[in-house]
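The values are calculated or read from the model by the stated rules, or taken from the named source; none is laboratory data. Treat the numbers as computed from the prediction; the structure is a model and nothing was measured. As a convention, Cβ positions derive from the backbone with ideal geometry for all residues, glycine included, and neighbour counts pool all protein chains shown. Side chains are part of the model used for accessible areas, which takes the heavy atoms of the whole protein and leaves out ligands, DNA and RNA. Shrake-Rupley method; radii C 1.70, N 1.55, O 1.52, S 1.80 Å.
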Amino acid sequence: MSSPTSTSDATGTGAALAGTGGFLGRSRRGWLLVGLGLVLALALPWFVYPPVAMDIACWALFAVALDLLLGYAGLLSFGHAAFWGGSAYVAGLAAIEWGLPFPLAALLGAVFAMALAWPVGVLSVRRSGIYFAMVTLAFAQMLFFVVNQWRGLTGGENGLQGVPAHFFGVEAVEDQAFYFYYAALPIIVAGMWFAWRVVHSPFGRVLVATRDNPARARALGYDVERYRVLVFVLSAGLAGLAGGIFAISHGFVSLQEVAWQTSGKVVLITVLGGIGTLWGGIAGAVVIVLLEDFLASSGFDGIGIITGAVFIVVVLLFRRGVWGTLSDLLGRRTGRSHAVERSISAGDGEEPTA
Amino acid sequence: MTPPDPRPVALSARGLTKDFRGFRAVKDVDLDVVDGEVHALVGPNGAGKTTLFNLLTGFIPPTAGTITVHGRDITGRTPEQIAHEGVARSFQITSLFDHLNPREHVELALQGMAGGGLRFWRSDSVLRRFRGRAEELVEEVGLADLVERPAGELAYGQKRALEMALVLALDPKVMLLDEPTAGMGREDVDRTIALVRRIATGRTVVFVDHNMHVVGSLADHVTVLMAGEVLARGTYDEVRTDERVITAYLGEDSHA
Ligand SMILES: Nc1ncnc2c1ncn2[C@@H]1O[C@H](COP(=O)(O)OP(=O)(O)O)[C@@H](O)[C@H]1O
Ligand SMILES: [Mg+2]
């Protein structure tokens with residue numbers, strides 16, 4: 001079979017895609033940025049309500065996971081709630097039924113998400129662009145249906161209540177959001193480090209090549225679909241890790257976690273932050289979670305309208321997202337990592353479903 | 001026309017046909033490229049030359065027909081499998097990664113053949129082991145001064161040269177070059193002719209070109225394609241004086 005695809009325009013955000021240079025090069029500046037990020041992450045629960053800080057961290061990892069797929073492989077998944085939410089249920093059940101410590105429960109959830117992602121990836125990477133988004137959405141909706149129906153296990157519309165946060169008997173962590181945050185942060189950071197590792201690996205190089213010019217990557221001997229399946233699975237694993245921690249930090253798993261709105265929200269956060277940089281997802285999560293929290297606590301009930309409006313304004317004014325624009329202003333980017341114009345040769349290696 | 005060549009056939013097609021929604025772009029093409037020869041594929045625009053390349057390299061599946069490489073049937077293989085069979089191609093429309101520099105391009109191609117691209121847990125500094133070879137190849141095609149320049153910023157002729165470096169990096173037994181000199185100035189054309197001549201030793205080359213100077217200088221054999229069909233084949237001189245070819249090309253000229 002051969003269905004060479006012109007993925008890069010998959011995202012519709014076209015020119016915003018950068019090369020691999022976006023997320024800290026190996027410069028001193030890059031390490032400085034990481035240090036600053038870590039300090040801010042450590043200080044966060046002193047400035048915002050700890051559960052909100054935890055939400056920011058979880059959504060940030062979720063967005064980084066999506067960016068791995070969207071920004072570096074050019075694949076827009078509209079079904080990532082399946083991995084975040086699927087893992088949330090598995091982690092929640094593992095904590096309730098087996099009393100697993102929360103890091104292990106979240107890890108188990110992540111493994112489940114990857115196992116789920118593998119067949120979904122195999123079936124969906126054959127499509128690109130909007131079709132890929134649709135196929136992933138369809139799978140996520142199937143999972144939603146199963147979770148909603150299987151009341152005995154999942155609690156149906158009520159979700160899973162009373163999920164305990166076990167942490168080797170350390171009561172401060174188990175009972176107080178403030179300490180839980182510090183216990184969970186290393187896992188979140190490790191997940192982000194993993195994403196960075198993937199981007200700056202031989203695999204990451206090939207991935208960007210398959211995004212920019214899949215036909216050429218094939219001609220160089222790369223099985224593009226294998227690369228796409230693998231990044232899809234890795235991305236799902238990180239999304240699952242984030243979802244598992246999120247669920248346990250809340251003490252319950254809601255049906256919302258597997259709903260399409262959750263898939264939409266992570267796409268919004270990632271695109272808002274700026275894709276193809278990894279940092280973008282973090283910036284987007286800070287903005288959106290804080291904004292939603294502010295609106296919710298001020299009793300405003302049109303949150304969707306405001307976040308949607310912010311999204312539109314950012315995407316129209318700053319085409320490369322919050323992070324892309326910030327780093328432009330700071331002059332970090334060289335011409336090299338600037339908007340990549342892809343040159344997928346029309347006609348060459350493109351098969352219009354003959 | 002020509003006496004049968006005793007050398008083995010490197011690349012062969014039988015009854016190759018491609019329909020695009022009812023439009024037959026390639027019709028029942030038989031092609032035999034002898035091992036070690038340089039074979040030109042000529043014909044007016046729209047004759048089906050690029051489509052034939054796409055068929056031979058697995059980018060599009062044939063409607064009918066078979067393809068063999070050194071006697072092995074490769075019909076229905078994917079482009080990446082065919083690349084691993086030792087058949088490499090260049091693209092008519094320059095097809096590069098704009099943010100990568102020439103050395104990184106060639107490193108990527110070398111890794112494509114060597115394997116190891118799936119190692120997501122390793123640092124990309126492992127690609128350094130390809131650096132020496134990559135720089136050699138970049139130099140070979142005359143881009144030594146531009147190893148660090150992103151491909152998006154290269155001039156047209158330089159991009160075509162980089163295309164050649166990528167094909168070479170695969171160290172193929174059979175190379176398919178789609179219009180390697182299109183849009184080049186005289187000097188670059190001559191440089192490319194010299195390059196193809198150099199790399200053709202020990203390899204089989206099939207190339208498409210509209211420049212008869214290039215075809216005349218390089219080709220051992222020529223196949224003329226017209227409206228998807230083989231119109232003539234033979235040596236350059238045989239084809240050049242073929243009545244049908246002259247008529248076809250004159251007909252083409254009178255349209256222009
Ligand atoms: N993917 C495609 N879908 C439909 N028609 C195509 C496709 N690719 C090529 N063609 C048609 O096939 C014919 C041959 O094209 P091509 O192989 O590019 O010619 P050449 O390379 O000889 O100039 C042209 O009429 C072209 O329009
Ligand atoms: Mg052509």
Consider B:Val167 against the criteria (1) open to solvent by 10 Å² or more (accessible area, probe 1.4 Å); (2) closer than 29 Å to B:Asp32 by Cβ: it satisfies all of them except one. Which criterion is unmet? (1)
Test for A:Asp223: is it of a type in the set (D, E, K, R), at the interface with chain B (Cβ under 10 Å from one of its Cβ atoms) and either open to solvent by less than 20 Å² (accessible area, probe 1.4 Å) or under 21 Å from A:Pro103 (Cα atoms) (or both): no
Pair list, Cβ under 6 Å, 6 or more apart: region B:48-67 residue at positive phi, other residue open to solvent by less than 30 Å² (accessible area, probe 1.4 Å) and within 13 Å of ligand 2 (Cβ to nearest atom): B:Gly48/B:Ala25; B:Gly48/B:Val26; B:Gly48/B:Leu225; B:Gly48/B:Gly228
When the residues of region A:136-181 are narrowed to those that are within 22 Å of A:Ile56 (Cα to Cα) and among the aromatic types (Phe, Trp, Tyr), which ends up most open to solvent (accessible area, probe 1.4 Å)? A:Tyr179
Please work out if B:Arg24 is surrounded by fewer than 17 Cβ atoms within 10 Å (Cβ to Cβ), on the phi < 0 side of the Ramachandran plot and within 13 Å of ligand 1 (Cβ to nearest atom). yes
Looking at A:Phe246, A:Phe194, A:Phe232 in this structure, which one is buried (at least 23 other Cβ atoms within 10 Å of the Cβ), within 14 Å of chain B (Cβ to nearest Cβ) and modelled with pLDDT of 95 or more? A:Phe232
If B:Gln111 meets every condition in (1) within 16 Å of ligand 2 (Cβ to nearest atom); (2) touching a Leu at 6+ places or on another chain (Cβ under 7 Å) apart from one, which number is that one? (1)
Pick out, from region B:180-256, the strands (runs of 3 or more DSSP E) lying fully within it that include 1 or more residues that are in contact with a His (Cβ under 9 Å, 6 or more places away or on another chain), surrounded by 14 or more Cβ atoms within 10 Å (Cβ to Cβ) and of a type in the set (Asp, Glu). none
Could you tell me whether region B:132-153 includes any residue that is at pLDDT 90 or above and within 16 Å of ligand 1 (Cβ to nearest atom)? no
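Checking the conditions here, which among B:Asp73, B:Asp32, B:Asp19 is free of Cβ contacts under 8 Å to residues at least 60 places away in the same chain and under 21 Å from B:Asp237 (Cα atoms)? Don't jump to the end; show me each part of the working.
Values: B:Asp73 fails: under 21 Å from B:Asp237 (Cα atoms); B:Asp19 fails: under 21 Å from B:Asp237 (Cα atoms).
Criteria check complete, one pass: B:Asp32.
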Only one of B:Gly112, B:Gly117 is within 7 Å of chain A (Cβ to nearest Cβ) and assigned to a loop (DSSP other than H, G, I, E, B). Can you tell me which? B:Gly117
Kindly check whether there is at least one residue in region B:71-82 that is within 16 Å of ligand 2 (Cβ to nearest atom) and in the same structural domain as B:Val29 (by TED's automatic domain parsing). no
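For region A:274-287, does any single residue satisfy the condition of being in contact with a Cys (Cβ under 6 Å, 6 or more places away or on another chain), under 12 Å from A:Asp55 (Cα atoms) and surrounded by 15 or more Cβ atoms within 10 Å (Cβ to Cβ)? Spell out how you get there, then give the answer.
We begin by selecting, within region A:274-287, every residue in contact with a Cys (Cβ under 6 Å, 6 or more places away or on another chain); these are none.
No; the residues of region A:274-287 include none that is in contact with a Cys (Cβ under 6 Å, 6 or more places away or on another chain), under 12 Å from A:Asp55 (Cα atoms) and surrounded by 15 or more Cβ atoms within 10 Å (Cβ to Cβ).
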Would a scan of region B:141-155 turn up a residue that is on the phi > 0 side of the Ramachandran plot and open to solvent by 40 Å² or more (accessible area, probe 1.4 Å)? yes
Can you tell me which residue in region B:90-103 is farthest from ligand 2 (Cβ to nearest atom), limited to those that are more than 20 Å from B:Phe53 (Cβ to Cβ) and within 8 Å of another protein chain (Cβ to nearest Cβ)? B:His99
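Regarding B:Leu11, is this residue under 25 Å from A:Leu220 (Cβ atoms), within 16 Å of ligand 1 (Cβ to nearest atom), surrounded by 19 or more Cβ atoms within 10 Å (Cβ to Cβ) and more than 12 Å from chain A (Cβ to nearest Cβ)? Give the steps one after another, and end with the answer.
On the way: under 25 Å from A:Leu220 (Cβ atoms): yes; within 16 Å of ligand 1 (Cβ to nearest atom): no; surrounded by 19 or more Cβ atoms within 10 Å (Cβ to Cβ): yes; more than 12 Å from chain A (Cβ to nearest Cβ): yes.
Taking the combined requirement at face value, the residue does not satisfy it.
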When only residues in region B:41-75 that are more than 9 Å from ligand 1 (Cβ to nearest atom) and assigned to a helix (DSSP H, G or I) count, which is surrounded by the most Cβ atoms within 10 Å (Cβ to Cβ)? B:Leu56
Can you name the residue in region B:142-188 that is touching a strand residue (DSSP E or B) at 6+ places or on another chain (Cβ under 7 Å) and within 16 Å of ligand 2 (Cβ to nearest atom) and is also farthest from the other protein chains (Cβ to nearest Cβ) among such residues? B:Pro180
